[in-house]
Amino acid sequence: RLKPSLSSTQLSELQQGLSNFACSSAQDEPDLPDSYYVACDTVSGIHYAHLLGPVIVPGKEISTATAVEGNGQNGGFGWSISLELKSSGQSAWANYTQAHNVNNAQTSPPVYSCGSSTPCADYVSFTLDGNVLSSPVNLQAINGGATQITGQFTQQSATTLANQLKYVALPLSFITSD
């Protein structure tokens, strides 16, 4: 695991800055593949600012994305998204998830509470034009095959996210949530 390079004072200042960021007046900007930047997410009507790191897997590496209904195996009854990556995307994703995951812990807090018990780098954000589409935690290392994005998805929200990932793949990026 990477150790934070910020002092506790710097981390506190960063958290304060993100909590004061005006997401409601932020512009939609193209994702910055090689830079850190702030992107926003809205959960239950509350805006959250995320400090995002460099792109892990660019959207052009997405082969396909599909909404999938849970079948009851492994406790999965809700909707999820199955994401297939092209080979170079699989390699980058495997390297990242190998270093950043919660060892299959099922009790990780939501991304906007990361840092206290779960490192923020264990979360990843799917973004489009500077907006966060989804920020799941990496449960385990993913070494090839499909990536499953799980959460509180309905059929409609899973289908919407799958379509965003599939049809607008060129400007989409997976970015570490720092």
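The values are calculated or read from the model by the stated rules, or taken from the named source; none is laboratory data. None of the values given here were measured: they were computed from a predicted structure. For neighbour counting, all protein chains shown are included, and Cβ atoms are generated from backbone atoms with ideal geometry for every residue, glycine included. For the accessible areas, the whole protein counts, side chains as well, though only heavy atoms, and no ligand, DNA or RNA atoms are used. Shrake-Rupley method; radii C 1.70, N 1.55, O 1.52, S 1.80 Å.
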Exercise. Inspect all residues belonging to region 117-128 and state whether any of them is more than 21 Å from Ser44 (Cβ to Cβ) and in contact with a Leu (Cβ under 7 Å, 6 or more places away or on another chain).
Key: yes
Quiz prompt | Members of region 114-136 found to be hydroxyl-bearing (Ser, Thr, Tyr) and open to solvent by less than 50 Å² (accessible area, probe 1.4 Å), listed by number | solution = Thr118, Tyr123, Ser125, Thr127, Ser134, Ser135
Exercise. Only residues that are farther than 21 Å from Lys60 by Cβ and in contact (Cβ under 8 Å) with a residue 24 or more places away in the chain: list them for region 112-134, please.
Key: Tyr112, Cys114, Gly115, Pro119, Cys120, Ala121, Tyr123
Quiz item: Within region 52-66, is there a residue that is over 18 Å from Pro136 (Cα atoms), open to solvent by 60 Å² or more (accessible area, probe 1.4 Å) and not hydrophobic (A, V, I, L, M, F, W, C)?
Solution: yes
Quiz item: Quick one: how many residues across region 92-112 are open to solvent by 50 Å² or more (accessible area, probe 1.4 Å) and more than 14 Å from the chain's Cα centre (by Cα)?
Solution: 6
Quiz item: Tyr36 versus (1) in contact with a Gly (Cβ under 9 Å, 6 or more places away or on another chain); (2) open to solvent by 60 Å² or more (accessible area, probe 1.4 Å); (3) within 17 Å of Thr150 (Cα to Cα): which is the lone unmet condition?
Solution: (3)
Practice problem: Take region 80-120 and flag every residue that is closer than 25 Å to Lys166 by Cα, in contact with a helix residue (DSSP H, G or I) (Cβ under 8 Å, 6 or more places away or on another chain) and of a type in the set (A, V, I, L, M). | Solution: Ile81, Leu83, Leu85, Ala92, Val111
Quiz item: Only one of these conditions is not met by Thr107: (1) free of Cβ contacts under 8 Å to residues at least 24 places away in the same chain; (2) in contact with a Leu (Cβ under 9 Å, 6 or more places away or on another chain). Which number is it?
Solution: (2)
